[in-house]
Every structure is written in structure tokens, then in C-alpha cells.
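Handing you this structure, nothing more for now.
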Amino acid sequence: MKTIGLILTIIGLIGTVYYGMQAIQDSESFSFLGMDVAVSSADWTPVIISVIALLVGLFLRKRK
């Protein structure tokens, strides 16, 4: 179980970083009344799945 947990943790961490950076780059910003407003047009589903895999992996690694 610890090996599966380690693999899920690594995959989840890599996916969170990769898809998170991609989602940040998909946002657009514009100026409105002197303020910068950011609007995201990203698909957040891969980020959510990666975070869930990361959390499950950490949970499996902590179990005895």
C-alpha cells in the first residue's frame, strides 16, 4: 500500500503543478477603473483530479 501511495503522491504532485500552471496561463486580465481584473477560462477538472490523487496517495502512505 505504501508503494501505491508513493506513486499516487508523485503523480498527483506532478499533475497539480503542471495543470495548475496551465490553468493560470489560461487566464486573461484586463484593466477596469484602474484595477487589474483576471478572468479564468481554464478547465479546472484536471487540477481537481490531481489534487484528489495527491491526497489519496498521502493518505495511503500514512496508513499502517
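Which members of the range 4-32 meet the condition of being hydrophobic (A, V, I, L, M, F, W, C) and in a helix (DSSP H, G or I)? Explain how you work it out, then say what you get.
Pass one, the range 4-32, residues hydrophobic (A, V, I, L, M, F, W, C): 4, 6-8, 10-11, 13-14, 17, 21, 23-24, 30, 32.
I4, L6, I7, L8, I10, I11, L13, I14, V17, M21, A23, I24, listed by residue number.
Considering only residues that are among the acidic types (D, E) and either within 30 Å of I4 (Cβ to Cβ) or under 9 Å from the mean Cα position of the chain (by Cα) (or both), which ones fall in the range 17-53?
Kept after step one, since they are among the acidic types (D, E), are these residues of the range 17-53: 26, 28, 36, 43.
Scanning the range 17-53 gives a single hit, D43.
I'm told R61 meets every condition in (1) at pLDDT below 95; (2) on the phi < 0 side of the Ramachandran plot; (3) surrounded by fewer than 15 Cβ atoms within 10 Å (Cβ to Cβ) except one. Can you identify the failing condition by its number?
Of (1) at pLDDT below 95; (2) on the phi < 0 side of the Ramachandran plot; (3) surrounded by fewer than 15 Cβ atoms within 10 Å (Cβ to Cβ), only one is false for R61: (3).
So, one more: Quick check: is even one residue across the range 4-26 touching an Asp or Glu at 6+ places or on another chain (Cβ under 6 Å), of a type outside the set (F, W, Y) and either at negative phi or at pLDDT below 95 (or both)? Walk me through how you get there before you give the answer.
Initial filter on the range 4-26 (touching an Asp or Glu at 6+ places or on another chain (Cβ under 6 Å)): none.
No, the conditions are met nowhere in the range 4-26.
One residue is enough: does the range 39-58 have a residue meeting the conditions touching a strand residue (DSSP E or B) at 6+ places or on another chain (Cβ under 8 Å) and either part of a strand (DSSP E or B) or in contact (Cβ under 8 Å) with a residue 40 or more places away in the chain (or both)?
First, pick out the residues of the range 39-58 that are touching a strand residue (DSSP E or B) at 6+ places or on another chain (Cβ under 8 Å): 39-42.
Filter once more, so that each one left must be either part of a strand (DSSP E or B) or in contact (Cβ under 8 Å) with a residue 40 or more places away in the chain (or both): 39-40.
Yes: the range 39-58 contains one or more residues that are touching a strand residue (DSSP E or B) at 6+ places or on another chain (Cβ under 8 Å) and either part of a strand (DSSP E or B) or in contact (Cβ under 8 Å) with a residue 40 or more places away in the chain (or both).
The values are calculated or read from the model by the stated rules, or taken from the named source; none is laboratory data. Not measured: the values here are computed from a predicted model. Ideal geometry is used to build each Cβ from the backbone, glycine not excepted, and the neighbour counts take in all protein chains shown.
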